[in-house]
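Structure record follows, encoded as C-alpha cells.
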Amino acid sequence: MKSPIPDYLHVVLENARPIEDGKPASYIDTLARADTSRLAVALATVDGKLYSAGDDQVEFSIQSISKAFVYAIAIEDAGLEKVLEKIGVEPSGDAFNQLSLERGTHRPMNPMINAGAITAHSLVISPTATAEERTDRILKIFSRLAGRQLHVDEEVYEAELKDADRNMGIGYMLKAAGILTCDPREAVKGYIRQCSINVNVRDLAMMAATLSNAGVHPITGESIIPQWSVRQVLSVMTTCGMYDAAGDWVSNIGIPAKSGVAGGIIGALPGQVGIAAFSPRLDDRGNSVRAVAMCQQLSRDMGLHMMDVSQIASSTVRTAVATIVAGQSDPHNANCNREVVIFSLRGAVRFAGAERLTRAVARELGVPDPQDPGSGAYIDACAVVFSFRDVFSLNQVSQRIIREDIYRLIADGKNVIVIDPSGVLKSDPERQGPHPCIVKTEAEARDQIGGVGCQAVFKADNW
Ligand code: GLN
C-alpha cells in the first residue's frame with residue numbers, strides 16, 4: 001500500500017497555493033526580494049518519520065523561529081532562575097520588534113519578542129562571550145536538532161545588520177534597564193546572526209519534532225534539550241509564539257508554535273508530531289499567510305489541536321472478577337474456589353487513569369460504604385491482579401499512585417500479582433518490605449494464585 005500521508009500533504013499545499021494575500025518582509029533587503037511563489041510543508045513524527053511536500057529543499061533564514069530554541073539554550077547555560085529574572089513569560093500583545101519592557105520589573109515581556117530574544121541570546125555561554133562564540137554554539141545545536149550541518153546566510157546577515165537600528169535601539173534600551181550586562185551591539189549582532197541561519201521545512205519539522213519528543217531527537221535518539229526545559233519552551237511558544245496573534249492561533253490551531261519573518265512557521269504538538277510550513281508572504285502581524293493556512297488545515301484535518309479532548313481517561317480501567325478453579329496437576333493451594341479481582345489498565349496512563357484505577361480498587365476492596373451499594377463487594381478476595389498487558393506507558397505520577405495502591409493492598413494482607421510483560425511498572429528501590437509478584441502472562445498469574453494449571457472462571461468479562 002502507498003501511504004496516503006504524502007498525498008494528503010500535497011492537498012494541503014495546493015489548497016494554500018492560490019492564496020495571494022500578504023507581502024514578504026520589507027525591512028530586510030534580501031527577504032523583500034524573496035520568491036513569493038515558494039511553498040512547502042513538512043511533518044515529522046516523534047519516532048522519526050519525515051514527510052514533506054512542495055519546495056521542501058529550498059532554504060530560507062530561520063529568523064524568529066530561532067528564538068524558541070535559543071531560549072532553551074539560555075536556560076541550559078544560565079539556569080532557569082537567572083533567565084526568569086531577566087525575561088518574563090507574559091504575552092505582550094505587541095509587535096515582535098516593539099521597544100517595550102514589563103512595567104515594574106523592567107524585563108522584556110517574553111523571549112519570543114525581539115527584546116526577550118536579544119536578552120536570551122546574551123545569556124548563551126556567558127555575558128562575556130562574543131557574538132561569534134555564541135552563534136557558533138547556537139549553530140552547532142541547531143545542526144544537531146535538524147540532523148544536518150546548517151549555515152549562516154551571510155547575505156541575509158549583512159542585509160539585516162545594515163538596517164539594524166531598531167534592534168540596536170532595543171539593545172541599548174535593555175542595557176540602560178540593566179537587563180543586558182554585555183555590549184549591546186555584540187548581543188544584537190549575535191542575535192541577527194542566529195536569525196540568519198538557513199533551514200528548509202524538513203529541518204524545521206525535525207527541530208519541532210524534537211520538542212514534541214521531550215527534547216530527544218527522533219532519529220539520533222540524542223537528548224538535546226532537557227524535558228523540563230522543553231515544557232518551559234512549549235509553554236512560552238503557546239502563549240507568545242505568534243506575537244499579537246497568539247490568542248487567535250491557540251484557539252484556531254492549538255499547537256505550540258513559532259513563526260519567522262522569512263515565512264517559516266513551526267508547530268510542536270507534545271508527544272505526537274512536529275510540523276513546519278513555509279511561504280514568504282506575511283500578514284500584518286509578521287506571520288506567513290499560506291503557512292498559517294496550511295497549519296490550520298493540518299490541525300483541523302488531523303485533530304492536532306492540543307485542547308481537543310479526545311482521550312477520556314475513564315476508558316482506561318476494566319474490572320473483572322473470577323473464581324480460581326483447581327486444575328489437573330498439583331500443587332494447589334488454599335486459594336482455589338475463592339475470588340480474585342482483576343484490574344486491567346490500558347493506554348498511556350497518567351494521573352486521571354491512575355486515579356480511576358485507585359477509585360475502582362478502593363471501591364471493590366475497601367470497607368463497604370452504606371451510601372454506595374455494592375462497594376466493598378470483594379473485600380475478602382484472596383488476590384488482586386493488576387494487568388498492564390495493554391498499557392503503553394505509566395508516567396511518573398501514575399507509577400507513584402499505583403505503587404502506593406499495591407503496597408496498601410499488601411498491607412491489608414492481599415496477595416497482589418502484577419501482569420507486566422513489558423515492564424511498564426518500575427519498582428521503587430527506596431521502598432522496604434514485601435513486593436508484589438510480577439509475572440508476564442495470565443497463565444503465570446493463575447498458577448501463582450491457585451497453583452499450577454489452575455483455571456479462572458469469570459463472573460463477567462474476560463481475563
Ligand atoms: N531578525 C528579525 C528581527 O529581529 C526576526 C524577526 C522575526 O522573524 N519576526 O527583526
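Rundown of residues vs (1) touching a helix residue (DSSP H, G or I) at 6+ places or on another chain (Cβ under 6 Å); (2) under 16 Å from ILE141 (Cβ atoms), yes/no style:
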| position | (1), (2) |
| --- | --- |
| THR220 | no, yes |
| ARG231 | no, no |
| MET237 | yes, no |
| ASP244 | no, no |
| GLY247 | no, no |
| GLY260 | yes, no |
| GLY263 | no, no |
(message) Being open to solvent by 40 Å² or more (accessible area, probe 1.4 Å) and either within 13 Å of the ligand (Cβ to nearest atom) or within 16 Å of GLY286 (Cα to Cα) (or both) is the filter here; which residues of the range 98-116 pass it?
(response) GLN98, LEU99
(message) So for the range 36-49 (the condition being within 16 Å of the ligand (Cβ to nearest atom) and either open to solvent by 30 Å² or more (accessible area, probe 1.4 Å) or closer than 25 Å to GLY286 by Cβ (or both)), does at least one residue qualify?
(response) no
(request) Any chance you could count how many residues in the range 414-462 are in contact with a Phe, Trp or Tyr (Cβ under 8 Å, 6 or more places away or on another chain) and modelled with pLDDT under 80? (result) 3
(request) Working only within the range 366-424, note down all residues that are open to solvent by less than 40 Å² (accessible area, probe 1.4 Å), in a strand (DSSP E or B) and more than 21 Å from ALA445 (Cβ to Cβ). (result) none
(message) Just checking, does the range 256-264 include any residue being of a type outside the set (Val, Ile, Thr), at pLDDT below 95, in contact with a strand residue (DSSP E or B) (Cβ under 7 Å, 6 or more places away or on another chain) and within 16 Å of the ligand (Cβ to nearest atom)?
(response) no
(request) Could you figure out which of (1) closer than 28 Å to LEU99 by Cβ; (2) touching an Asp or Glu at 6+ places or on another chain (Cβ under 9 Å); (3) not charged (D, E, K, R) isn't true of PRO184? (result) (2)
(message) Quick test for you: out of VAL230, VAL188, pick the one residue that is away from the ligand (no atom under 13 Å from the Cβ) and part of a helix (DSSP H, G or I).
(response) VAL230
(request) Would you point out the residue of the range 59-97, among those that are open to solvent by 20 Å² or more (accessible area, probe 1.4 Å) and of a type in the set (A, V, I, L, M), that is nearest to ILE255 (Cα to Cα)? (result) VAL89
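The values are calculated or read from the model by the stated rules, or taken from the named source; none is laboratory data. Everything numeric in this text was worked out from a predicted model, so none of it was measured. All Cβ positions, even for glycine, are placed from backbone atoms using ideal geometry, and neighbour counts span all protein chains on display. Remember, those area values only see protein heavy atoms, side chains included, never the ligands or the DNA or RNA. Shrake-Rupley method; radii C 1.70, N 1.55, O 1.52, S 1.80 Å.
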